[in-house]
Number of protein chains: 2
Amino acid sequence: LQRTCSSLKSFAVGFVTKIWMFLVKSWNIGVDDPKKFVHCVKVGLALSVVSLFYYMRPLYDGVGGNAMWAVMTVVVALEYTVGATLCKCINRAMATAVAGSLGIGIHWVASQTGEKFEPIIIGTSVFIFAAATTFSRFIPAVKARFDYGALIFILTFSLVSVSGYRVDKLWTLAHQRVSTIAIGTSLCVLVSMLFCPVWAGYQLHQQTIRNLENLANSLKGHVAKYFTNEEASTIHGEINKKIQGYKCVLNSKQSEESMVNFAKWEPAHGKFSFGYPWKQYLKIGAAARKCAYCIDNINSCINSEMQAPEYLKKHIEEECMRLSSYSSEVLKELAITIKTMKTSSEIELLVGDMNFAVQELHNALKALPSHFTQPQSPPQTVDDHPDADPEGLKRPAYASIIEILPLAALVTLLTETVVRTEE
Amino acid sequence: LQRTCSSLKSFAVGFVTKIWMFLVKSWNIGVDDPKKFVHCVKVGLALSVVSLFYYMRPLYDGVGGNAMWAVMTVVVALEYTVGATLCKCINRAMATAVAGSLGIGIHWVASQTGEKFEPIIIGTSVFIFAAATTFSRFIPAVKARFDYGALIFILTFSLVSVSGYRVDKLWTLAHQRVSTIAIGTSLCVLVSMLFCPVWAGYQLHQQTIRNLENLANSLKGHVAKYFTNEEASTIHGEINKKIQGYKCVLNSKQSEESMVNFAKWEPAHGKFSFGYPWKQYLKIGAAARKCAYCIDNINSCINSEMQAPEYLKKHIEEECMRLSSYSSEVLKELAITIKTMKTSSEIELLVGDMNFAVQELHNALKALPSHFTQPQSPPQTVDDHPDADPEGLKRPAYASIIEILPLAALVTLLTETVVRTEE
């Protein structure tokens, strides 16, 4: 009995510890980004405000029992960013209006044909419109912008046209639905825009800057790690985290696309005017991902079992370090350029430096064969063949760095387009 | 006047053509995958069936005016795959039940405190629960599985607890809401499972196979293109499309994760038993993405301005072609292994061949320096230095191929785990 008791106790302790760990971890998500706490408060606030419709007699009488549509709109449409909220609200309002009027129209046509055919006509139209709208949601162009609108269209259309069969005052129903949704959407838009707004565009802007900085740190860290192989394994925590920074860039495509989509719905705010070229961020993102793929390849070179001998590494260590530091300088400068939205005069200098460093690395690589046949080479290189092999295996790291350069140049170009359209 | 007329006419023609093109393109989406058409029919059918609640007096009287909750459930919860539908339905049903009972409980507590405090207690509880649940949606573990459930929880809880202030028969309201949602969800589940079901697990399985085949074709095509540079530019259409196949693998992470999530909700179907190790597909997907990154690097080597001289290419062409063909054979064999879910006896042979091809390529690279200093080398190689440089620039393509190998081996291991857990 005592044993069961103690095992039960340890189980309970383990369970409580697990839950506690989960809560602490969740809490840290909010501490890292206090905007998330603010968003929760906003949702609670908006819901409390919309509940007033139930507590105040005159408001309640105005919209009837349909006050719940307003509550529903707030719950469903109040999203984290302003862009997402606007996108959902506009979609919801437009779809409700269109579907509502179409539903009333169909109902009127059906009621003219007599009681016998009414259910058939309404049922068929619901079937056709629902199937067609569902199909439109498979089209990428529609899905990206109007997915939610299509859903609400089906919903409202079927509700209105089907309710018409039972509810006598269909016009009142449609009117109440539209007005409650209007109340809900305007409340959502007000709360999300006036009370600590989180702009999708600004988030995208910040994420792009952060990604470029991560790439810069990662690139520098990887090359440094390659040349100080032994010590690197003892480095922990902070630095290792910096080196792995490129990983969050690898799969950034979908989140960037959705943010660009939301950013397009947002009005002018802060430094971002209306019609800001958000699509350029997609291009920058694509270039950044290309860089990240290169760094990923460098990473697998580092972790590969086939390593170059030390003396070969020594020979080009300096050039490689310089090249990687210039490349990461360029990336950092690009991040600053995007941050300040001004063409940097330094960037061309840095790109020049970088290209010069590439040339130096080339020269160093060219010098390799002759270097080893000369007397000042280390004793291991008497036999030339074994060197040729690891050299080939070791190259990828440099080659990948070299590959990054045209990409960095591409990023430069892209940023400048952004900056120019901005000025 | 005639000019305006003709310009208006051309505008109208252009507009109609554009719409026509859009419709044709959309139609082809469905033709490529007829399951999408079937899904649209399913949605229309389910909506028509649920509309019966309005047309039949006894059914309508049974659930009252709340029949619309059933319509709503069908519109919102009927998704393309069975897994997604089940996930939404279970989330919706559970969240409604929990939130409904909690709402009634809170309402009972509030009603005991007297009319003055009632709105305050209800308002505060709505605020607290809404904020807390909204916060839980930021936690990745909750978001992946219960995002929709959290939304419905907020919705139902605020509806029930707030309605209590006006509606006298709160119990009837809650009861009707639960029963209509039960009707809606069971209809959704039946329609999606019995009528041409689309299983998320099967889709994931097919996509993984397709991705591996795409990688195999892409790898082979890229290496072939590298060695037949000039002719490649004249190749169009089909082959070029094959070569670009790796691109759809690059950004497959999110779709794979969501499909794995949905697949976990699905019951046993076809070859997939309950508790099938879906997570292994994520690992295979990660390895496939690594391969795709390598191919992307090979691609930028091909498009790079810095190209190796022809005679150097010739020297290792044979070995590279052999290596790439063995590698793509291994990938294809992996695809077949996954397809048939049986360990292939050939795969180890093929991996052996592939490793042998790697060794041969190493040997060819080793032989390079001595080759050029011997008399049978072509006349351009008299001066040794310029060769060393392009050699370095040309290497990445081979190096990347070599890098693919450990990855392919990783994939092998992973597939075997899958197959073994399956047998």
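Things worth noting here:
- Of the criteria (1) under 25 Å from the mean Cα position of the chain (by Cα); (2) at pLDDT below 85; (3) under 17 Å from A:ILE183 (Cα atoms), which one A:GLY30 fails: (3)
- Matching residues, segment B:253-299, being of a type in the set (Ser, Thr, Tyr) and either within 14 Å of chain A (Cβ to nearest Cβ) or surrounded by fewer than 19 Cβ atoms within 10 Å (Cβ to Cβ) (or both): B:SER255, B:SER258, B:SER273, B:TYR293
- Residue in segment B:53-63 that is in a helix (DSSP H, G or I), closer than 25 Å to B:LEU194 by Cα and in contact with a Leu (Cβ under 8 Å, 6 or more places away or on another chain) present: yes
- Check on B:LEU151, in a helix (DSSP H, G or I) and within 12 Å of chain A (Cβ to nearest Cβ): yes
- Looking across segment A:205-252, the residues that are surrounded by fewer than 17 Cβ atoms within 10 Å (Cβ to Cβ) and modelled with pLDDT under 70 come down to A:ASN229, A:GLU230, A:GLU231, A:SER233, A:THR234, A:ILE235, A:HIS236, A:GLY237, A:GLU238.
- Against the numbered list (1) more than 26 Å from A:ALA268 (Cβ to Cβ); (2) hydroxyl-bearing (Ser, Thr, Tyr); (3) within 12 Å of another protein chain (Cβ to nearest Cβ); (4) crowded, with 18+ Cβ neighbours inside 10 Å, A:THR96 comes up short only at (3).
- Residues that are without any contact (Cβ under 8 Å) to a residue 40 or more places away in the chain, more than 7 Å from chain B (Cβ to nearest Cβ) and part of a helix (DSSP H, G or I), drawn from segment A:24-52: A:VAL24, A:LYS25, A:TRP27, A:ASN28, A:VAL31, A:ASP32, A:PHE37, A:LEU52
- Condition check for A:VAL75: modelled with pLDDT of 80 or more and closer than 21 Å to B:GLY123 by Cα: yes
Every residue, every condition in (1) of a type in the set (Val, Ile, Thr); (2) more than 8 Å from chain B (Cβ to nearest Cβ); (3) crowded, with 23+ Cβ neighbours inside 10 Å, yes or no:
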site: A:ALA132; (1), (2), (3): no, no, no
site: A:ARG137; (1), (2), (3): no, yes, no
site: A:VAL142; (1), (2), (3): yes, yes, no
site: A:ARG145; (1), (2), (3): no, yes, no
site: A:THR156; (1), (2), (3): yes, yes, yes
site: A:SER161; (1), (2), (3): no, yes, yes
site: A:THR172; (1), (2), (3): yes, yes, no
site: A:SER179; (1), (2), (3): no, yes, no
site: A:GLY184; (1), (2), (3): no, yes, yes
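- Of the criteria (1) at pLDDT below 85; (2) within 27 Å of B:VAL126 (Cα to Cα); (3) among the small types (Gly, Ala, Ser); (4) surrounded by 20 or more Cβ atoms within 10 Å (Cβ to Cβ), which one B:SER51 fails: (2)
- Out of B:VAL160, B:VAL167, sole residue that is in a helix (DSSP H, G or I), within 17 Å of B:ASN66 (Cβ to Cβ) and at pLDDT below 85: B:VAL160
The values are calculated or read from the model by the stated rules, or taken from the named source; none is laboratory data. Please read all numbers here as calculations on a predicted model, not as lab measurements. No Cβ is skipped: glycine too gets one built from the backbone with ideal geometry, and neighbour counts run over all protein chains shown.
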